[in-house]
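Visitor: What follows is a single structure, and I will ask about it in a moment.
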Amino acid sequence: MQTTSTTLIVIGGGPGGYIAAIRAAQLGIATILIVGDQLGGTCLNIGCIPSKALIHAAEEFEKAKHYSHGSSIGIQVSDPSINIAQTVSWKDGIVKRLTTGVGALLKKNGAQVVKGWAQILDGKTVAVMQDGKEVTRITCQHLLIASGSTPVELPFMPFGAGNGKVISSTEALSPTEVPKKLVVVGGGYIGLELGIAYRKLGAEVAVVESLDRILPAYDEDLTKVVKTALKQLGVEVHLGLTVQGMNAAGDAVRVKNAASEESELACDKVLVAVGRRPRTQGFGLESLMLDMDGRAIKIDDQCRTSMRDVWAIGDVAGEPMLAHRAMAQGEMVAEIIAGKRRHFTPASIPAVCFTDPELVVVGKSPQEAQAAGIEHITAMFPFAANGRSMTLESTDGFVRVVARKDNHLILGWQAVGKGVSELSTAFGLSLEMGSTLEDVAGTIHSHPTLGEAVQEAALRALGHALHI
Ligand code: FAD
Ligand code: NAD
């Protein structure tokens, strides 16, 4: 058996792992990236990118259908249709282009990619398995775990149950046909992003959420705009229901309300999206006896685990399970190993939900500022008063800013509306740069853009908005 020695082993080729490997190689660290399935991990293959592709296709189809009913904008379209196989193949093409690109970047920077499943033998030794057999053994000085996460399964309704009726986001991203009736269990990120897309593709969609509101991670001022949009789109939302399983005939999901009354929701497919859990089992990680934080690997602000020179980043290290957090952590760990002084202390980790309308949260909400005992001011600017929004036929939603009362330091931004995901960059930058309301208010924002609502929110917080 061949044994190789390297400075850094990275387990997992998702956004956390591949960025760590690229940056480490750039810094001259001998790096081996062990990739069990496809480069790009969940994010590029079965997560962020394919979901946004499907969401875009659904949106375009919905637009065509809207025009076919006659529109005030003057466009007429007759009888639009969608070839879902072609949509999926277009989406797969984007995934292929991106994953091939990641492979090329790793190669160009000098990181070695080893195909196979890593089996941890100890904190410095990893066996690489293919078809259950060890094909190579690698020793290292530093071990970085970036094994990601897997979808949570409901034990009484596992993925694949009901002859494949019960699906996870992975299957939902590669449909062979659009189901007539889709029940979505979980009104969080995946449930709503994909639930809305499927509705636009033509399915009747019912979302079942166990809590009393959708998207519990976002504040209610924002989610109520999405709730209204769901109603207009014809997505049924059932709150406060407990899912019991499929009925005997396998054509409906049984649900129970708070008063223990049972009912059924008819379905052709059931998308279960009730969260993801860190991938910590089945590859020898347990043998390291690392300190855990619930189900996730416990890390400090440098992504160090409780074992010296064993690091963990991304979803395996817990919430928030977002690709940009995994990437930022991966880059940082590579730099620390190269001798740079780094700590993971971002001013904020932006969160974006690609529903229609989209949601963005960066930094503190008014409630969080309140809870932290910070005297603050807040102001919102509605897209109804923004010219660009009118030209885009989408005036629902707003931008809101939260700032310290004493020195006007910006603490947070929230926005809901069409296309606001792109504002997250400006929000993040203003927080990271320590901007004040005056900084944003005094920056010339191009006209006509949605960004003007950002400037106007800052102006309004200062008491002199110009367009409202
Ligand atoms: P992953 O991307 O999960 O990669 C880990 C990789 O390691 C996987 O390929 C896995 O197979 C491999 N692996 C595991 N164990 C081993 C082993 N023993 N040996 C070798 N390889 C191994 N986040 C966003 O920020 N924005 C979004 O819009 C967004 N949309 C999403 C949509 C969906 C449908 C889903 C499911 C997720 C979405 N996410 C989104 C979350 C995002 O995908 C994750 O936060 C991100 O992929 C985490 O990166 P990671 O590197 O930690 O792990
Ligand atoms: P989620 O945590 O966003 O939402 C899960 C929802 O399911 C919650 O609202 C929860 O209350 C509900 N729920 C839990 N158990 C339930 C049950 N038995 N019956 C009914 N409802 C139940 O999880 P997700 O949508 O599966 O997404 C997983 C993770 O992937 C997210 O937390 C996020 O980190 C990441 N993600 C991010 C994006 C993005 O950034 N745009 C998109 C998709 C996924």
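The values are calculated or read from the model by the stated rules, or taken from the named source; none is laboratory data. Source: prediction; values computed, not measured. Neighbour counts are summed over all protein chains in view; Cβ atoms, including those assigned to glycine, are modelled from backbone coordinates with ideal geometry.
Visitor: Which one is farthest from ligand 1 (Cβ to nearest atom), of the residues in the stretch 93-137 that are without any contact (Cβ under 8 Å) to a residue 12 or more places away in the chain and assigned to a helix (DSSP H, G or I)?
Guide: Restricting to residues being without any contact (Cβ under 8 Å) to a residue 12 or more places away in the chain and assigned to a helix (DSSP H, G or I), the top hit is 108.
Visitor: Follow-up. Residue 90 versus (1) crowded, with 16+ Cβ neighbours inside 10 Å; (2) more than 12 Å from ligand 1 (Cβ to nearest atom): which is the lone unmet condition?
Guide: The failed condition is (1).
Visitor: What are the residues in the stretch 163-186 that are away from ligand 2 (no atom under 13 Å from the Cβ) and either outside any loop (DSSP other than H, G, I, E, B) or among the charged types (D, E, K, R) (or both), if any?
Guide: Hits for the stretch 163-186 are 163, 164, 165, 171, 177, 180, 181, 182.
Visitor: Name the helices (runs of 4 or more DSSP H) wholly within the stretch 376-468 that hold at least 2 residues that are of a type in the set (S, T, N, Q)? Don't jump to the end; show me each part of the working.
Guide: Working: elements: 387-391, 424-432, 437-441, 452-461.
Once the helices (runs of 4 or more DSSP H) in the stretch 376-468 are filtered for at least 2 residues that are of a type in the set (S, T, N, Q), what remains is 387-391, 424-432.
Visitor: Does the stretch 291-301 hold any residues that are within 15 Å of ligand 2 (Cβ to nearest atom) and touching an Asp or Glu at 6+ places or on another chain (Cβ under 8 Å), and which are they?
Guide: 296
Visitor: Do any residues in the stretch 187-201 that are in the same structural domain as residue 167 (by TED's automatic domain parsing) have Cβ atoms under 6 Å from those of residues that are small (Gly, Ala, Ser) and within 6 Å of ligand 2 (Cβ to nearest atom), where the two are at least six apart or on different chains, and which pairs are they?
Guide: 190/273; 191/273
Visitor: For the stretch 74-87, how many residues meet the condition of being exposed (fewer than 13 other Cβ atoms within 10 Å of the Cβ) and either part of a helix (DSSP H, G or I) or touching a residue at least 12 places away in the same chain (Cβ under 8 Å) (or both)?
Guide: Looking only at that region, the number is 2.
Visitor: Here's a check for you: in the stretch 247-287, which residue that is under 19 Å from residue 314 (Cα atoms) and polar (S, T, N, Q) is nearest to ligand 2 (Cβ to nearest atom)?
Guide: Residue satisfying both the conditions and the ranking: 280.
Visitor: Now for a different question. Could you say which residue among 49, 19 is part of a helix (DSSP H, G or I) and within 16 Å of ligand 2 (Cβ to nearest atom)? Show your work before the answer.
Guide: On the way: 19 fails: within 16 Å of ligand 2 (Cβ to nearest atom).
Sole residue among the options that is part of a helix (DSSP H, G or I) and within 16 Å of ligand 2 (Cβ to nearest atom): 49.
Visitor: Can you name the residue in the stretch 302-336 that is more than 13 Å from ligand 2 (Cβ to nearest atom) and part of a loop (DSSP other than H, G, I, E, B) and is also nearest to residue 43 (Cα to Cα) among such residues?
Guide: Ranking the qualifying residues of the stretch 302-336, first place goes to 313.
Visitor: May I pose another question? Go through the stretch 121-137 residue by residue and tally those that are over 16 Å from residue 5 (Cβ atoms) and surrounded by 17 or more Cβ atoms within 10 Å (Cβ to Cβ). Spell out how you get there, then give the answer.
Guide: Going through the stretch 121-137, the residues over 16 Å from residue 5 (Cβ atoms) turn out to be 129-135.
Filter once more, keeping what is surrounded by 17 or more Cβ atoms within 10 Å (Cβ to Cβ): 129.
Number satisfying all stated conditions: 1.
Visitor: Filter the stretch 231-251 down to residues that are touching a residue at least 60 places away in the same chain (Cβ under 8 Å) and in contact with a strand residue (DSSP E or B) (Cβ under 8 Å, 6 or more places away or on another chain) and give me whichever is nearest to residue 359 (Cα to Cα).
Guide: Residues of the stretch 231-251 that are touching a residue at least 60 places away in the same chain (Cβ under 8 Å), as a first pass: 233, 243-246, 250.
Adding the requirement that they be in contact with a strand residue (DSSP E or B) (Cβ under 8 Å, 6 or more places away or on another chain) leaves 243-246.
Numbers: 243: 27, 244: 31, 245: 31, 246: 32 Å.
Among them, the one singled out is 243.
Visitor: As an exercise: evaluate residue 90 against (1) more than 16 Å from ligand 2 (Cβ to nearest atom); (2) in a strand (DSSP E or B) and give the number of the one condition it does not meet.
Guide: (2)
Visitor: Another one. Looking at the stretch 424-445, is at least one residue touching a residue at least 24 places away in the same chain (Cβ under 8 Å) and closer than 26 Å to residue 66 by Cα?
Guide: no
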